[in-house]
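Where a number appears in this text, it was derived from the coordinates with a stated rule and is not lab data. If you're wondering where the values come from, they're calculated on a predicted model, not measured in any experiment. Cβ atoms come from the backbone with ideal geometry, glycine included; neighbour counts cover every protein chain shown.
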Amino acid sequence: MELEFDKEMDAILRKAGNSGPKSDAVSPHVDADTIAAFADDALPQKAKLLYMQHFADCDKCRQMLGQTILFNSEPSETAALSRIAAPVLEPRAPWYQTLVRSPNLALTTGALVLVFGGILGFLLLQNRESDTRSTVSQITDAGQTKGGPFFDHETAESNAATESPSLQAANQATDSPAAASALNANKSAATAISPTNSNALAKAVADDCPNCKPADTDKVETKENRLVTELPLSSRSAESIAAKREEKNITSDGIEADRTRSVSSNRSAAESGLRNVPASPKAKMNPARGPVQTQSNQVNTNVFDMAVSRKSGGKTFVNRDGAWYDTAYKNQPTKNYRRGTDEYKKLDSGLRKIVDEIGGTVVLVWKEKAYRIQ
Amino acid sequence: MSLIAEKHKNTVAEAIEHLISRAENTRSLTGSDIAGRVEKTIVKYLLGPDPDATNQDIRTFVEEIRSDDLCLIIACERGDEQAWDDLVTNFDFNVKSAARKISSNNDDADDLASSIWAELYGLRTDAEGNKKSKLAYYSGRGSLAGWLRAVVSQLAIDQYRKQAKLVQIEEDRQFEIVAHDAAETKDNRFGTTPENPEELFTESRTSADVSAALTTAIAELDPEDRLILKLYYFDELRLKDLAAIFGYHEATASRKLTRLQTEIRKRVEKGLRERHGWTESEVKRHLSETATSLGVNLETMFAILLIAACVQEVWI
């Protein structure tokens, strides 16, 4: 039966040749005479077998044998030319030998290592800054100037559901001078909105929004009028603003303070280990991200902060309720397996290795599927 | 004192006399001048591995010794100037040719060739003041040209290893650092960010397991098969060269290699399943992926570096 040339194994073996471990035989190295005699197939059979064993196990001697054989396989015509003039042969070192002998390689390698290191470091810094920047941008969003060119009315309306009007006013009062000046700059535009104009505007809105109830238009009207009525904000006394602040206990991080208080007031309901836990650093940094955090979320965040985590196979696992949960797990349905069963053994070896390393009950996501292994 | 057992002495003596008579130019040597060398060779290559060798085996063995080359070398050892002239004239090309193949430039090649001749001439002396020369190790079994090439190869490797130990060659250190980083942390991928940690983990495990299974499979082969495999894949010998040293036809060498590939595959697959816990589908899939893996690997990376170095040299 004629066997076919195995291209896959050929490629794998060639790669192994370039990167395989080196080995030296236990027996003494052979001399040049033995190498030459072996290369010329000039040894008796038993001696040949003996030295074959050595060459098979000793990389150094085998390399010398290989080189000698390559030298020997040179065409014989070149020997005839030697009497006349020795031609200058170009060195035929393999490309990887040429590589390591290049005198400029050190400089080039060093420069490239520095460049790549710099690029990676820059990317890492950028990622960190973008995290903090998104937090800063969320905080500054709350301070957008009403009526300014970039003021988002819709967002302001949704935020109004969670903010009391006085809080809004107080925040506006504590805006930066730039914001205050922007507010003042819009005075002229706002005062130009007379009740007549505002009614026309409300009608225009109603035309655009046929399903809007009259109350909505009122809201619009109110909003427009708010500009008028709130314009004199700057003229309100600082004392009244301060009084408002004290009343509602609002600071520049007012929302944060409210949340922290709600956490502390619910500590008795939390687990005992959380009694004196300070607010999570994450919560402090992202006070206004998404919907208002509920108490349970806040508690769970603290639990995560304190939970033991483990890493395996590039995945991070956190301990929760007596099981290890992959951070990529998002409460999707899981396939359940028990260790040692036939079905478990059919799973990917990479998955099984991770599960074995973590131990216990493990819930993980592997190739977009969730598994629970017990 | 003779190294040959009594029962073989007569046979050896006759064979040596016949060897001298075969030589075209004995260089004034007699049987007794070369007897010591021939007896050592018989013990080393025949009676040592095979104590039960017969007288006929001894005759055949001595018959295959290259008499002219042996006489030339022994005459050189004895200080025969004409013999030295003949040696250098006829074989300097072989030495320089081999030296140029090993060295990176002509200067290094000439230095290496000079070192070879110095070693052969025996510029070093032993405790008794006798010259220590590599000529004393030539047995005459292999060709003199082949022996000289083997000496060049041996000396070059010894010199390179000494230099590598004494001098921290910065290029090699950089190579090792980068190769180590690439192999240990990024699995021969340099400058890429894995998108899927599962894939990265699987790839690194795959490579390690295949490498381990391959090493075990190769170690389990017969010595001849193992040597053929290593000479072909690790030392990049051609089938023709393999056939020449093992004494068979090139087609036979090709069939042997194909058989070895099949054998290795079976052993590797078995090892991956039994020792590393792979499933059947994983074995088939990952072996195929390992063979055809793409991406920026270390060889490609250094090819790029080589091009950059060449460009730099051109600019400078």
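Before moving on, here are some points about what is shown:
- Looking at region A:306-374, the trypsin sites (Lys or Arg not before Pro) that sit in a DSSP loop and have at most 12 other Cβ atoms within 10 Å of their own Cβ are A:Lys330, A:Arg338, A:Lys346, A:Lys367.
- Taking amide H as placed 1.01 Å from N in the peptide plane, B:Phe234 has no amide H partner under 5 Å among residues 5 or more places away or on another chain.
- When the Cα positions of A:Leu347, A:Tyr337, A:Ala323 are compared along the charge dipole of region A:308-347, A:Leu347 comes out farthest toward the positive end, with charges on each C-beta of Lys, Arg, Asp and Glu.
- In the structure shown, the pairs A:Lys15/A:Lys369; A:Lys315/A:Lys346; B:Lys7/B:Lys230; A:Lys60/B:Lys7; A:Lys311/B:Lys230; A:Lys7/A:Lys60 are assessed against 32 Å; a Cα-Cα span above that value is assigned to A:Lys15/A:Lys369; B:Lys7/B:Lys230; A:Lys60/B:Lys7; A:Lys311/B:Lys230.
- Residues whose amide H comes within less than 5 Å of that of A:Arg320, counting only those at least five positions distant or on another chain, are A:Tyr325 (H built at 1.01 Å from N in the peptide plane).
- Region B:224-294 and region B:80-117: distance between their alpha carbon centers, rounded to Å: 38
- The three principal axes of the C-alpha atoms in region B:218-298 carry coordinate ranges of 41, 31, 19 Å, sorted with the longest axis first.
- Derived scalar couplings ³J(HN,Hα) [region A:112-118; Karplus, 6.51 cos²θ - 1.76 cosθ + 1.60; whole Hz; x for Gly, Pro]: 5, 4, 5, 4, 5, x, x
- Of the two radii for region B:1-133, the radius of gyration is 1.05 times the Kirkwood radius, both from the alpha carbons; that is the Rg over Rh value.
- For region B:1-129, size of Cβ-based charge dipole, Lys and Arg +1, Asp and Glu -1, in debye: 300
- ³J(HN,Hα), Karplus 6.51/-1.76/1.60, whole Hz, each residue of region B:216-222, x for Gly, Pro: 5, 4, 5, 5, 7, 6, 5
- Considering region B:35-86, its Cα convex hull presents a mean projected area of 3.8 nm².
- Cβ crowding within 10 Å ranks B:Arg141, B:Arg22 as B:Arg22, B:Arg141, fewest other Cβ atoms first.
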